[in-house]
Protein chains: 2
Amino acid sequence: MDMQQQVSVITLGIADQARSRRFYTDGFGWTPVFENEEIIFFQMNGFVLGLFSKPALETDMNRQGLATPGAFALAQNVASAEEVDSVMDQLEKAGGRVLRAPDEPPHGGYRGYIADPDDHAWEIAWNDAWPIDEHGHVTFGAG
Amino acid sequence: MDMQQQVSVITLGIADQARSRRFYTDGFGWTPVFENEEIIFFQMNGFVLGLFSKPALETDMNRQGLATPGAFALAQNVASAEEVDSVMDQLEKAGGRVLRAPDEPPHGGYRGYIADPDDHAWEIAWNDAWPIDEHGHVTFGAG
């Protein structure tokens, strides 16, 4: 089989499932596809997002001491600058902490950053050079 | 617009672009869709993966001190247990560090963990309950 340019799962380590569930379901408006006491899965655009108890993730990964904030960010691109503002606002109400209020980056568009309850960073962005289809699949576009 | 269950970009903070480029192109066999001095983008299965200078990510996110290893993991599901072994082997040769040699987790399947050169964790897994289509799009399956 050819090697696919593919990520199957993004797993975020969390401390408090109810707190995280609120951020992702009330803040983003998402519906889990599966949940039990230690994990919540969301079916995303071509892959699965998991919210997994951090100690369980450490055990599975075979190392301890996973730190926050980690050196990564997830981004959700939305359809307009106004939607950046409204999504940031919903996420803040659902327990997020604004890291950067939305503004215009040097490369164009409009974006802000907000931390989820475990301090994982989300960028909420409007970037009209990157098309998003009806299934949420995002394609790189030279801006 | 309805809120999509969608992540547009995963951005990993990196320290040495040539070192990371080797891991992702030689190890995974992926081809960048764009690169300049501070970022490399890969078109993935429905979203974009970015490898971004960690200081530049910190500036963009408006906070300093991003730590590694972070409390997250990315996973690539492959087609067989044998492919888990061969992908782990290729990634190790391209500069990865094995965190967990492949074995069978309690929930079934077969998986190992390997850190990229910046200590970001990748799980390489075989999980035949989760279908992967020809575009690399992965669907949750109760296993």
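In order along region B:108-123, the Karplus-derived 3J(HN,Hα) couplings, from 6.51 cos²θ - 1.76 cosθ + 1.60 at θ = phi - 60°, round to x, x, 7, 7, x, 10, 9, 8, 6, x, 9, 6, 6, 8, 10, 9 Hz, and Gly and Pro are given as x.
Note on the protein assembly as shown: semi-axes of the ellipsoid equivalent to its C-alpha gyration tensor, largest first and rounded to whole Å, are 27, 22, 19. The candidates A:93, A:54, arranged from most to least accessible area with a 1.4 Å probe in the full protein assembly, appear as A:93, A:54. Annotation note: GluC sites (Glu not before Pro) in region B:1-77 located in DSSP loop regions with a Cβ neighbour count of at most 14 within 10 Å are B:37, B:38. Solvent-accessible surface of chain B, averaged per residue with a 1.4 angstrom probe and all protein chains in place: 41 square angstrom. Given 37 °C and 0.692 mPa s, compute D for region A:10-129 with the Stokes-Einstein relation, Rh being the Kirkwood radius over Cα pairs; round to the nearest whole µm²/s. Translational D for this selection: 220 µm²/s. Between 0 and 90 degrees, the angle of helix A:81-93 with respect to the longest Cα principal axis of chain A falls at about 30 degrees.
Output the peptides A:112-119, B:104-111 sorted from most to least packed, where packing is the average of other Cβ atoms within 10 Å over each peptide's residues.
In descending order of packing, they fall as A:112-119, B:104-111.
Remark: mean inter-chain Cβ contacts per residue of B:54-64 equal 4, using a 10 Å Cβ-Cβ cutoff to other protein chain atoms.
In the assembly of identical copies, residue B:139 has its label point, taken 7 Å from Cα in the direction of the beta carbon, separated from the corresponding points by 2.3 nm (ascending, one decimal). Magnitude of the charge dipole for the protein assembly as shown, about its Cα centre and with charges confined to Cβ atoms of Lys, Arg (+1) and Asp, Glu (-1), is about 620 debye. Accessible area of residue A:120 (1.4 Å probe, protein heavy atoms only, ligands and nucleic acids ignored): about 0 Å².
Taking the label point 7 Å along Cα→Cβ, residue A:98 and its counterparts in the other copies are spaced 4.9 nm apart, in ascending order. Heavy-atom accessible area buried between chains B and A is around 6000 Å² (1.4 Å probe, both sides summed).
Each Lys and Arg Cβ is given +1 and each Asp and Glu Cβ -1; about its Cα centre, region B:8-143 then shows a dipole of about 340 debye. When the surface is traced with a 1.4 Å probe over the full set of protein chains, residue B:100 keeps roughly 50 Å² accessible.
State, to one decimal in nm, how far the label point of residue A:26 lies from the label point of residue B:139, with both points 7 Å from Cα in the Cβ direction. Roughly 3.3 nm, to one decimal. GNM remark for chain B: springs join alpha carbons under 10 Å apart, and the peak mean-square fluctuation among B:90, B:64, B:43 falls on B:64. As a fraction of the 1.4 Å probe accessible area of chain A, surface on carbon and sulfur atoms comes out at 48 percent. Taking the charge dipole of chain A about its Cα centre, with +1 at Lys and Arg Cβ atoms and -1 at Asp and Glu Cβ atoms, the residue from A:67, A:130, A:36 reaching farthest to the positive side is A:67. Taking GluC sites (Glu not before Pro) across region A:88-143, the ones in a DSSP loop with at most 13 further Cβ atoms lying within 10 angstrom of their Cβ are A:134. For region A:1-75, just say rounded, prolate or oblate: build the C-alpha gyration tensor, square-root its eigenvalues into a ≥ b ≥ c, call rounded for a/c under 1.5, and beyond that prolate if a/b exceeds b/c, oblate if not. Taking the square roots of the gyration eigenvalues as a ≥ b ≥ c, region A:1-75 is oblate.
The heavy atoms of residue B:132 offer some 60 square angstrom of accessible surface to a 1.4 angstrom probe. Comparing each chain alone with all protein chains together (probe 1.4 Å, DNA, RNA and ligands left out), the residues of region A:96-130 losing at least 40 Å² of accessible area are A:99, A:100, A:113, A:130. Shown for residue A:18: label points 7 Å from Cα along the beta-carbon vector, and their distances to the equivalent points in the other copies, 5.3 nm in ascending order. Here the label points at residue A:128 and residue A:35, each 7 Å from Cα along the C-beta direction, are separated by 3.7 nm in the simple model.
The values are calculated or read from the model by the stated rules, or taken from the named source; none is laboratory data. Everything numeric in this text was worked out from a predicted model, so none of it was measured. Because the Cβ atoms are built from the backbone with ideal geometry, glycine has one as well, and the counts that use them run over all protein chains shown. The protein model used for the area step is the full one, side chains on, heavy atoms only, and it has no ligands, DNA or RNA in it. Shrake-Rupley method; radii C 1.70, N 1.55, O 1.52, S 1.80 Å.
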